[in-house]
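The values are calculated or read from the model by the stated rules, or taken from the named source; none is laboratory data. Please read all numbers here as calculations on a predicted model, not as lab measurements. Just so you know, the surface numbers come from the protein's heavy atoms only, side chains and all, with ligands and any DNA or RNA stripped out. Shrake-Rupley method; radii C 1.70, N 1.55, O 1.52, S 1.80 Å.
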Amino acid sequence: HHPRVLWAQRKDVVYLTIELEDAPEATFTDESIDFACVKDDKKYAFHLDFYKPIVVKKTVKSDSKRVSFYILKKADDTVWWERLCKEKGKVNFVHTDFSRFVDEDESEDEKPAHPGMDFSQLGMGGMPGMGGMGGMPGMGGMGGMPDFSAMGGMPGMGGMGGMPDFSAMGGMPGLDSGDHDADHEDGPDDDEE
(Lines give C-alpha, C1' and ligand atoms only; values in the text may rest on other atoms or scores of the structure.)
Protein backbone atom coordinates (compact mmCIF):
# COMPACT_ATOMS: atom_id res chain seq x y z
CA HIS A 1 0.00 0.00 0.00
CA HIS A 2 0.97 3.62 -0.49
CA PRO A 3 -0.06 6.52 1.72
CA ARG A 4 -1.46 9.54 -0.10
CA VAL A 5 1.32 12.03 -0.81
CA LEU A 6 0.58 15.70 -1.58
CA TRP A 7 3.07 18.17 -2.99
CA ALA A 8 3.31 21.82 -3.97
CA GLN A 9 6.18 24.22 -4.52
CA ARG A 10 7.42 27.75 -4.26
CA LYS A 11 10.44 29.24 -5.97
CA ASP A 12 12.84 27.92 -3.32
CA VAL A 13 11.02 25.04 -1.57
CA VAL A 14 8.87 21.97 -2.12
CA TYR A 15 6.03 21.17 0.30
CA LEU A 16 5.48 17.45 0.84
CA THR A 17 2.70 15.92 2.94
CA ILE A 18 2.35 12.23 3.77
CA GLU A 19 -1.24 11.50 4.78
CA LEU A 20 -0.92 8.65 7.24
CA GLU A 21 -1.82 8.87 10.91
CA ASP A 22 1.13 8.69 13.34
CA ALA A 23 3.57 7.96 10.51
CA PRO A 24 7.29 7.52 11.18
CA GLU A 25 9.78 9.93 9.67
CA ALA A 26 10.67 9.53 6.02
CA THR A 27 14.29 9.17 4.91
CA PHE A 28 15.66 11.75 2.48
CA THR A 29 18.71 11.97 0.26
CA ASP A 30 19.50 14.91 -2.01
CA GLU A 31 17.83 12.98 -4.82
CA SER A 32 14.99 10.95 -3.22
CA ILE A 33 12.61 10.06 -0.41
CA ASP A 34 12.03 6.63 1.12
CA PHE A 35 9.15 5.79 3.40
CA ALA A 36 8.09 2.52 5.03
CA CYS A 37 5.92 1.50 7.97
CA VAL A 38 3.27 -0.94 9.11
CA LYS A 39 -0.09 0.45 10.30
CA ASP A 40 -3.13 -1.66 11.19
CA ASP A 41 -1.47 -4.77 9.72
CA LYS A 42 -0.90 -3.01 6.38
CA LYS A 43 2.56 -2.31 5.04
CA TYR A 44 2.98 1.16 3.53
CA ALA A 45 6.07 1.95 1.50
CA PHE A 46 7.30 4.07 -1.37
CA HIS A 47 10.46 5.41 -2.97
CA LEU A 48 10.43 8.53 -5.13
CA ASP A 49 13.31 10.09 -7.04
CA PHE A 50 12.90 13.87 -7.02
CA TYR A 51 12.67 15.89 -10.22
CA LYS A 52 15.72 17.91 -9.11
CA PRO A 53 17.99 17.74 -6.02
CA ILE A 54 17.10 19.11 -2.59
CA VAL A 55 19.28 20.21 0.35
CA VAL A 56 18.59 17.47 2.92
CA LYS A 57 20.15 19.25 5.90
CA LYS A 58 17.65 22.11 5.46
CA THR A 59 14.58 19.85 5.50
CA VAL A 60 11.98 20.94 8.05
CA LYS A 61 9.39 18.52 9.42
CA SER A 62 6.11 19.29 11.14
CA ASP A 63 3.85 16.55 12.44
CA SER A 64 0.24 16.43 13.36
CA LYS A 65 -1.58 13.31 14.43
CA ARG A 66 -2.93 12.73 10.93
CA VAL A 67 -0.13 13.87 8.58
CA SER A 68 3.61 14.44 8.30
CA PHE A 69 4.48 17.71 6.58
CA TYR A 70 7.92 18.48 5.16
CA ILE A 71 9.43 21.62 3.69
CA LEU A 72 12.25 20.66 1.35
CA LYS A 73 14.79 23.29 0.26
CA LYS A 74 15.50 23.13 -3.47
CA ALA A 75 19.21 22.87 -4.31
CA ASP A 76 18.59 25.23 -7.26
CA ASP A 77 15.90 27.80 -6.54
CA THR A 78 15.98 29.10 -10.12
CA VAL A 79 14.30 25.94 -11.44
CA TRP A 80 10.53 25.45 -11.26
CA TRP A 81 9.84 21.72 -11.03
CA GLU A 82 7.57 20.34 -13.74
CA ARG A 83 6.58 17.50 -11.40
CA LEU A 84 7.66 15.97 -8.09
CA CYS A 85 9.23 12.84 -9.55
CA LYS A 86 12.13 12.46 -11.95
CA GLU A 87 10.23 9.88 -14.00
CA LYS A 88 7.55 11.14 -16.36
CA GLY A 89 4.09 9.68 -15.95
CA LYS A 90 1.42 9.55 -13.28
CA VAL A 91 2.27 8.23 -9.84
CA ASN A 92 -1.16 7.21 -8.55
CA PHE A 93 -0.62 8.09 -4.88
CA VAL A 94 1.03 11.50 -5.50
CA HIS A 95 -1.32 14.49 -5.86
CA THR A 96 -1.04 18.27 -6.12
CA ASP A 97 -1.60 20.04 -2.81
CA PHE A 98 -3.96 22.78 -4.00
CA SER A 99 -4.10 24.37 -0.54
CA ARG A 100 -0.44 25.37 -1.03
CA PHE A 101 -0.33 25.55 -4.83
CA VAL A 102 1.11 28.64 -6.54
CA ASP A 103 1.70 29.07 -10.28
CA GLU A 104 5.24 29.57 -11.48
CA ASP A 105 4.45 33.03 -12.86
CA GLU A 106 2.87 34.35 -9.62
CA SER A 107 5.12 36.87 -7.95
CA GLU A 108 6.01 36.58 -4.27
CA ASP A 109 3.88 39.61 -3.31
CA GLU A 110 0.75 38.12 -4.95
CA LYS A 111 0.83 35.06 -2.71
CA PRO A 112 -1.52 35.02 0.26
CA ALA A 113 0.14 35.19 3.67
CA HIS A 114 -1.50 31.85 4.47
CA PRO A 115 -0.38 29.19 1.99
CA GLY A 116 -4.01 28.23 1.30
CA MET A 117 -6.26 29.45 -1.48
CA ASP A 118 -6.94 33.19 -1.66
CA PHE A 119 -10.31 33.68 -3.37
CA SER A 120 -9.81 37.42 -3.74
CA GLN A 121 -7.34 36.53 -6.49
CA LEU A 122 -10.14 35.13 -8.66
CA GLY A 123 -11.28 38.57 -9.79
CA MET A 124 -14.77 38.22 -8.35
CA GLY A 125 -14.36 40.57 -5.40
CA GLY A 126 -14.46 37.70 -2.91
CA MET A 127 -16.78 34.75 -2.57
CA PRO A 128 -19.07 35.36 0.44
CA GLY A 129 -22.59 36.04 -0.84
CA MET A 130 -21.21 36.57 -4.35
CA GLY A 131 -22.22 40.25 -4.17
CA GLY A 132 -23.13 41.47 -7.60
CA MET A 133 -20.79 40.17 -10.22
CA GLY A 134 -21.67 42.93 -12.65
CA GLY A 135 -21.71 42.41 -16.36
CA MET A 136 -19.10 40.83 -18.53
CA PRO A 137 -16.76 43.41 -20.02
CA GLY A 138 -17.34 44.04 -23.70
CA MET A 139 -20.79 42.47 -23.77
CA GLY A 140 -22.65 45.79 -24.03
CA GLY A 141 -25.77 44.44 -22.34
CA MET A 142 -27.79 41.41 -23.34
CA GLY A 143 -30.64 43.29 -25.04
CA GLY A 144 -34.01 41.57 -25.15
CA MET A 145 -33.54 39.69 -21.87
CA PRO A 146 -36.82 39.46 -19.94
CA ASP A 147 -37.16 40.96 -16.44
CA PHE A 148 -36.80 38.32 -13.68
CA SER A 149 -36.66 41.01 -10.98
CA ALA A 150 -40.07 39.94 -9.59
CA MET A 151 -38.42 36.72 -8.45
CA GLY A 152 -36.61 38.72 -5.77
CA GLY A 153 -33.26 37.18 -6.59
CA MET A 154 -31.78 34.01 -5.22
CA PRO A 155 -30.23 33.96 -1.73
CA GLY A 156 -26.55 34.76 -1.89
CA MET A 157 -26.68 35.92 -5.51
CA GLY A 158 -27.40 39.60 -4.89
CA GLY A 159 -30.40 39.54 -7.25
CA MET A 160 -30.23 38.66 -10.89
CA GLY A 161 -31.56 41.94 -12.34
CA GLY A 162 -32.84 41.73 -15.92
CA MET A 163 -34.67 38.40 -15.50
CA PRO A 164 -38.32 37.95 -16.74
CA ASP A 165 -41.38 38.15 -14.51
CA PHE A 166 -42.76 34.59 -14.41
CA SER A 167 -45.31 35.34 -11.66
CA ALA A 168 -48.18 35.57 -14.17
CA MET A 169 -47.54 32.02 -15.44
CA GLY A 170 -49.28 30.35 -12.50
CA GLY A 171 -48.64 26.70 -11.73
CA MET A 172 -47.61 23.95 -14.09
CA PRO A 173 -50.44 21.78 -15.54
CA GLY A 174 -51.02 18.65 -13.49
CA LEU A 175 -49.43 20.09 -10.34
CA ASP A 176 -51.48 21.50 -7.52
CA SER A 177 -50.31 24.71 -5.96
CA GLY A 178 -50.91 23.57 -2.36
CA ASP A 179 -48.29 22.82 0.23
CA HIS A 180 -46.29 19.66 -0.29
CA ASP A 181 -45.47 18.35 3.14
CA ALA A 182 -44.01 15.13 4.49
CA ASP A 183 -47.23 13.05 4.16
CA HIS A 184 -47.01 13.32 0.34
CA GLU A 185 -43.42 12.09 0.03
CA ASP A 186 -44.34 8.40 -0.40
CA GLY A 187 -46.82 9.01 -3.23
CA PRO A 188 -50.59 9.43 -3.37
CA ASP A 189 -52.63 8.31 -0.36
CA ASP A 190 -54.83 6.04 -2.52
CA ASP A 191 -51.84 3.70 -3.15
CA GLU A 192 -51.85 2.55 0.47
CA GLU A 193 -53.40 -0.87 1.12
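Want the number for SER99 to HIS2: 0.36 nm per residue separation, take away the alpha-carbon distance, what's left?
Gain in length upon complete extension: 32.8 nm.
Take SER68, SER62 and sort them by solvent-accessible surface of the protein heavy atoms, 1.4 Å probe, largest at the top.
Descending accessible area places them as SER62, SER68.
Using amide H atoms built in the peptide plane, which far-off residues or other-chain residues are under 5 Å from VAL13 H to H?
Those qualifying (amide H under 5 Å, at least 5 residues apart or on another chain) are LYS74.
What accessible surface, in Å², does a 1.4 Å probe find on VAL102, ignoring ligands, DNA and RNA and rounding to the nearest 10?
10
Quick one: grab the alpha carbon gyration tensor of the range 1-62, order the square roots of its eigenvalues as a ≥ b ≥ c, and give me rounded if a/c is under 1.5, else prolate or oblate depending on whether a/b is larger than b/c.
Here the range 1-62 falls in the prolate category.
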